[in-house]
Every structure is written in structure tokens, then in C-alpha cells.
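Notes follow once the structure below has been shown.
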Amino acid sequence: MAPAQHTRHRFFGQETAACIAVGLLVAFCVAAGHQWRAWPLPPLDNFFFDSFLRLTASQEQPEAITVVDIDEETLQAVGQWPWPRYRIAAMIERLAAMRPKAIGVDIIFPEPDRTALVNISQAFQQDFGLELRFQGVPQSLADNDRYLASVLSSSGAVGATYFFFDRQGETSCQPAPRRFSGKTDLLQPEEAQGQLCNTPVIVSALQMRGFINCQTDPDGLLRRLPLCIAYKGRLHPSLPLAMILAGEGERSVEVAAGATGPELRFASGRTAPVGRDGYLPLRFQGPPSIFRTVSGLDVLAGRIDSQAVTGKYVLVGVSAVGLGDHYPTAFAPAFPGVKIHAVMLASLIGGKALRIPAQEPWWVTLASFIAAAWMLCLFLASHRPLFLVLGSAALAAVLLLASYACFARAQLFVSPAAPLLVTASLFALLPLLLYGMEKRRAYLWLQRLAKAQQLTLESMATVAETRDPETGAHIKRTQHYVRALAEYLRQQGVATDILTDEYIDLLFHSAPLHDIGKVGVPDAILTKPGKLTAEEYEAIKHHTLYGEQMLANTIRKIEGDNFLDLAKAIAASHHEKWDGSGYPRGLAGEDIPFSGRLMAVADVYDALINARCYKPAFSHEKAREIMIAGRGTHFDPQVLDAFLALEDTFQGIARRFVDTQERILGDR
């Protein structure tokens, strides 16, 4: 295999390996970020979850649920909150008479009712020493809490509790019966530190109770509810779950392992998914207004159709804005808490509860690596932009549709955020990587081209050596002399517009061609050991014009910026003198190209300190003396002053590149 082909194939192998490494690294980092909930994946997951919710929301009213709402209108007509407990009892009693499937009370009564006659009597006795007696009041109305407890007990209503996670303590809560059986170790919800309950008399009357905790996500939106919470080594059900148990006449629910994670199994055959942490995503079907809602005022006034209650799950709660039981959601900025529980209840009884499968991290990881593999195949198969754009768009569409289909048809949320992020990242990174590879390839090509140029220059200089066999050391010395002069002058602020890095580098590579025109001078003149005649001297002076013409002919055949232009200037002008007495054109002062003035100092110094066929080698001191005599006549004063400042550098270059040939023939 040719060297160029070998380099090309090796480069392509490195390019492929680099692309694969980047693809695998991106897929791994994104999958790990999904597992550890690293930014920006949680916001993206939430975006897709909310979007899918809106797209799949049926906007249909759940027929099995009715919400009895104590709203602003009810409070304005009946009285501000909190009401006397007998009013709550009257409302529940009226609802129970219509034989609902279950009643859930989304209200907690943690303190005794201060409006109860028995409590008023006790307060006057304690504060003023007065004994109040009430005539003609039924015993059931003297103690509002006992009255409410009696109604709750007879109606089988489900009461509410609330768990604290930031502080300990409880309000005289009686131990709740065990409501979970089976493989309860599959669930590991957060352990609560305290509990808020109804008063003891109310708690003792409740046949079933469930918690009403709601917790928003870090971005402030409510997207899920806990179905169970652990407290004192026991699992406790949420209010919607407890209502289903009460409605179906069951005392507990079985925890079992389902195909996609833990699930709850009821004796009736109903199943409901639940996350390992006890939470379940909320399956909103629309805004709060989709639920059948009855005003508490209408219930108290008897203005309610029994069909709205009979056989229904009835949730009683307070939605008045001033009471603060509202949560921001994807469907409403202030979703009443009682209707949040209605959303969960509708999902559970309708069999449309969402779940995030236990295998979701592995599915996302697999999808991320598949996305990376697809993108790698696209980029390695073709670098055409249209092909890459269409292929990436097709992958993104497949990922989105697959995730949406799982959500809409199987009630599974597997976020497409991670594989889409892999796709977008590689779509951005791989072209940059390939661009870097191309830049490196171009750089290597330019390096090879520059080396080819240098070899061309050296080969052309060697042609001159075959006629005037000076050593290659002379070429090396003059190269380094002119570069040292140019760099020093730039440091001194001389000709900074000319002496750029590119110019100095090209000057270094062009210097060897200063005597290429000697190929046109007869051998007899070049190798003559003695003094030249006037005719011979005129002939040898023509080597500057020969070199200029040779390089000019070559330059005409090369398009664009030409690296030989500077070599042509050096070849034509390095024997010109500052006072105009040089050859071939007798240029003087700054009319002489700057490169020619630099080369004149370097060439003369090297000719003086090295032996030639017509002279012995001079010492550095002798050469210095001769050159100082030529300041302002032969040499540009600024350039000669630079030589004098660089004497040690010149001597070091001369020692580094010494002549090794026994017979030295050379320059005139």
C-alpha cells in the first residue's frame, strides 16, 4: 500500500473509532443522567409528560364521581369557615340518604367544635365560673362532634388524615387497621414523622380513613399523588384508595408483583398500579370543570338530583380560594385539592391509571444506545447534510411516536427525553467532531504540502550545487542567518508590517534558492581557481537574472499566492548594494527588496568565514571588520547593525552547520 493511502486509511480508522467513542460516551452520560435525575432531563421529562396529558385528555365527565363543593357562594350564604360541625353532619346525612357508593370527606377536624353547646358551657365554667344550662336542646345537638361522629359512622363515610414529613407528633390518632396485605415489601414509600387526625370522638366513629397529602414537583406543578404512606411500620391508604375499599366493601388491598412493577389487587378483581415509592402519576382528563360538581349550599337546601349521588363516589371538600387548598397543574394554575383526589379516584376506578414502569430506566438506557447507534450509522455512512437531517428527524419521530403510543394505549409513561437528547447531542457533536477531523486532515495535508514545497526548494537549490558544489551546510547557515536577522529586526520594531510570522517562515524556506541561477553559468567560470577576467565576471553576474527568470517561469504556472515570489526576489537582488553599486540592476537603498538586503548580509558573512576556491577562510573578527567597512555602502545599515547585535548567534549557527567536504568550491 502506498504511504499516502496507508495514512488515509489509518486516519479514517481513527475517525470511525473517535465517532463511536463519542456516541457511546454521550449515550452513557445521558442514560446515567436520567437515572440520577440530572439536569436537563427532569424538565424535559415533565415537558413530555404534560404534553402527552394534554394530547390524550378526553375532556369527558367521569360519570362515577360527584364532587360536593363548599365554595365561596356556599360560604357567603351559610357562613364563613369553619362551620359548626352539625352543618357538615347535615350535609353528609342528606348525601347518605341518597345511597352513594362511598362518601369521602376531604376535611380534617383536629380540634373540638367551639360552637358546640357543651363546649361553650365548659368554656364559661372554666373562664368565668358560670354554669350555663340549655333547655329543650336534644342531646345529639349539644355535642356537635358526637353528632358528626354519629352521622359519619352510620353513613360509612371515609374520613381524612394528613401526614407530616418535617416534624413529629400526632393529634391523638388511634391506630388504623391494616389495609395492605400480600407482598408489602415491594413498596418502600417515605416514612412519615407525624400525623394530623380528626378529634378522637370522630376518629373512633370512622370505619375507614385515608390521607389527603399532595406534593408538587420541584418545578411547582402537581403531577402525582401517593397511594400509600408508611407510618410507624404500617402502610396507610390515600383518601381515593380508601374510598374504593369502602365502596367495594373490602377491608384491605393486596400488594402483588405486576408485569411492569408493583400493583394493587382488590377482591373484586380490580387492579391498580403503584410505584415502588407509593406514588402514582395523575391522569388528568381535563380542567377541574369536567367533574360533576354540586354546591354545598344546594345540598343543604335540598336542591340536588339524587341521580347525581346514588351509586356514585362522592367527595366532599372545600374549594374556596381563601382556604388555600389549590395546586398548580398542567391543566389549571389553581386545581382544587378535592378535585385532585377526584382525578386519582377517576383513574383508579376507570382502569386508566398511569404508571412509570419499574423497567423504565433500562428501557431508557436501551433507547439511548439505540439512538446513538442510529446516529453513528448515519454519520459514518454519509456526511451529506440532507441525509443526516432526514435520518435524525426520522429517529426523533419514531422515539416520540413510540413514547406517545405507550402513554395513550398502554398507560405507560416512558420519557423520550433521554434518547432525544442523545439524538440532538450527537447531531450537534458529530459534525463538530468530523469538522475537527477534517481540519486535522487539512492541517496534515498542508504540512505535507509545506514539506513538499520545502523539498522542492531544496531540490532546486541542489540543482545549483551540481554546477557550483557548495555544501548543503552553506544553505543551512544562510537560512538560519536570515531568519535570525528578520526576527531581531521585528523585535526592534523595524519593518513590522513586512516581517510577519508567515513572511519569516517563507524567507527561511526561500533562502536556499538565492544562487539557483548559477545553473546557467559555464562550469569553467564557476570552478575557476584564480581571478576571473572582466568578461567572466560579467558572465557570472548574470546568475541573478537567470535565477529570477527560472523562478518567474515556474511562478506563471502556479495559481494563487505563490511561495516562489519571495525566492525570486532574493535570487534577483541579493547582490545589490545599498549605495547602488551592486548588480544586476544597480538598485539602491530601500528600492532593494528587504529580503535581498537580509540575504546580502547572510551570504557575504558566510562567504568570508568559509574557504572558497579563490580564497581561504577568514576569522570571524576579520569578516566583521570587512562587513563594518561596508555599512551604508554595501549593506543596509539597519540590517548590518542587527548582524553586529547577533554576532554570537551567527557564530553559533556557523559552528552548528560546518562544512564537511574536503574540497570547497563556491560563491563569487
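Straight-line reach from residue 312: which lysines have a Cα under 16 Å away, not including same-chain ones fewer than 8 places off? Here the lysines satisfying the reach criterion relative to residue 312 are 101, 339. Take residue 153: with every protein chain present and a 1.4 Å probe, its accessible area is about 50 Å². Remark: the range 34-50, residue by residue, has Karplus-estimated 3J(HN,Hα) of 5, 5, 9, 6, 7, 4, x, 5, x, x, 5, 4, 5, 4, 5, 4, 5 Hz, where x stands for each Gly or Pro and the curve is 6.51 cos²θ - 1.76 cosθ + 1.60 at θ = phi - 60°. Within a straight-line Cα-Cα reach of under 26 Å, residue 439 can be paired with the following lysines, leaving aside sequence neighbours fewer than 8 residues apart in one chain: 451. Counting heavy atoms of the protein chains alone, residue 500 has an accessible area of about 60 Å² for a 1.4 Å probe. Accessible surface of the range 511-668, 1.4 Å probe: 51 percent of it comes from carbon and sulfur atoms.
Taking amide H as placed 1.01 Å from N in the peptide plane, the amide H of residue 211 sits under 5 Å from that of 161, 238, 239, each at least 5 places away or on another chain. Here the peptides 35-41, 82-88, 241-247 are ranked by packing, the mean other Cβ count within 10 Å, and the order with the highest first is 241-247, 82-88, 35-41. For 190, 536, 576, the ranking by accessible surface with the largest value first comes to 190, 536, 576, using a 1.4 Å probe.
Its Cα gyration tensor gives the range 288-339 an equivalent ellipsoid. The semi-axes, each the square root of 5 times an eigenvalue, are 23, 13, 8 Å from largest down. Once you keep just the Cα pairs under 8 angstrom separated by 6 or more residues, what percentage relative contact order results for the chain? This gives 14 percent for the chain. Looking at the range 178-302, the pairs of alpha carbons with a distance over 17 Å make up 65% of the total.
Can you tell me the orientation of helix 594-609 relative to the chain, as the angle in degrees between its alpha-carbon axis and the longest Cα principal axis, to the nearest 10? Value to nearest ten degrees: 60.
Find the relative contact order for the range 198-326 and round it to a whole percent, using C-alpha pairs within less than 8 Å whose residues are 6+ positions apart. Relative contact order, the range 198-326: 17 percent. From the P(r) of the range 312-410, could you give the percentage of C-alpha pairs in the tail past 16 Å? For the range 312-410, the share of Cα pairs beyond 16 Å comes to 72 percent.
Rg/Rh for the range 554-618 (Cα atoms only, Rh after Kirkwood) is 1.09. Helix 385-410 and the longest principal axis of the Cα set of the chain meet at an angle near 10°.
Size descriptor for the range 468-584, Kirkwood hydrodynamic radius: 15.6 Å (Cα pairs only, one decimal). Among the cysteines of the chain, those whose beta-carbon sits 4.7 Å or more from every other cysteine beta-carbon are 19, 29, 214, 228, 377, 406, 613.
Over the range 249-315, the pair-distance histogram of Cα-Cα distances with 5 Å bins from zero comes to 3, 12, 15, 15, 15, 15, 13, 8, 4, 1 percent, rounded to whole numbers.
Heavy-atom accessible area, probed at 1.4 angstrom with all protein chains present, ranks 535, 487 as 535, 487, highest first. The string of couplings for the range 643-651 from the Karplus curve (6.51, -1.76, 1.60, θ = phi - 60°) is 4, 5, 6, 10, 4, 4, 5, 4, 5 Hz, one whole number per residue in order, with x for Gly and Pro. For the chain, the longest principal axis of the C-alpha atoms and the axis of helix 620-629 are separated by about 80°. Among the protein heavy atoms, those of residue 303 account for about 140 Å² of accessible surface (1.4 Å probe, every chain in place). Considering the dipole of the chain built from charges on the beta carbon (Lys and Arg +1, Asp and Glu -1) around the Cα centre, which of 195, 326, 430 is farthest to its positive end? Final value for the positive-end residue is 195. Note on residue 622: aspartates and glutamates with a C-alpha under 14 Å away, same-chain residues under 8 apart excluded, are 606, 647.
The values are calculated or read from the model by the stated rules, or taken from the named source; none is laboratory data. Just so you know, these numbers come straight off a predicted model, no measurement behind them. As a convention, Cβ positions derive from the backbone with ideal geometry for all residues, glycine included, and neighbour counts pool all protein chains shown. For accessibility, only protein heavy atoms count, side chains too; no ligands or nucleic acids. Shrake-Rupley method; radii C 1.70, N 1.55, O 1.52, S 1.80 Å.
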